[in-house]
1. Could you run through region 48-82 and say how many residues are exposed (fewer than 11 other Cβ atoms within 10 Å of the Cβ), under 14 Å from the mean Cα position of the chain (by Cα) and either of a type in the set (D, E, K, R) or closer than 30 Å to residue 22 by Cβ (or both)?
2. Are there any pairs, at least 6 apart or on different chains, whose C-beta atoms fall under 6 Å, with the first in region 1-25 and within 14 Å of residue 49 (Cα to Cα) and the second of a type in the set (Phe, Trp, Tyr), and if so, which?
3. Would you pick out the residues in region 28-47 that are at pLDDT 70 or above, of a type outside the set (Ser, Thr, Tyr) and surrounded by fewer than 12 Cβ atoms within 10 Å (Cβ to Cβ)?
Amino acid sequence: MLLLMVIVVVMSAGMFYASRVGAVQDELSLLSGSSRGGSSEANRTAHLVFLLFTYTSPLLLAMCMSGAVTLLRYRRRPAPRS
């Protein structure tokens with residue numbers, strides 16, 4: 001269940017960053033039928049943040065899951081015998 005929640009959160013954050021990219025906003029406005037003027041100026045910062053997020057999200061997800069598994073293994077290790 002935790003893994004499912006983490007994946008949904010990462011996908012939601014990706015969609016949020018995608019909605020801030022100018023080219024994606026233009027495409028969404030065309031699909032919705034609103035007549036928005038052509039893209040005035042590309043917002044390079046939002047586009048770069050979206051690309052970096054897209055490329056690094058699998059690595060961040062793997063790091064979080066590895067940390068969770070390590071923590072669970074540490075808590076379940078047997079007590080040392082005297």
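The values are calculated or read from the model by the stated rules, or taken from the named source; none is laboratory data. Only a predicted model underlies this, so the values are computations on that prediction, with no experimental measurement involved. Backbone-built Cβ (ideal geometry, glycine too); neighbour counts: all protein chains shown.
1. 3
2. 17/50; 17/53; 18/50; 21/50
3. 30, 31, 33, 44
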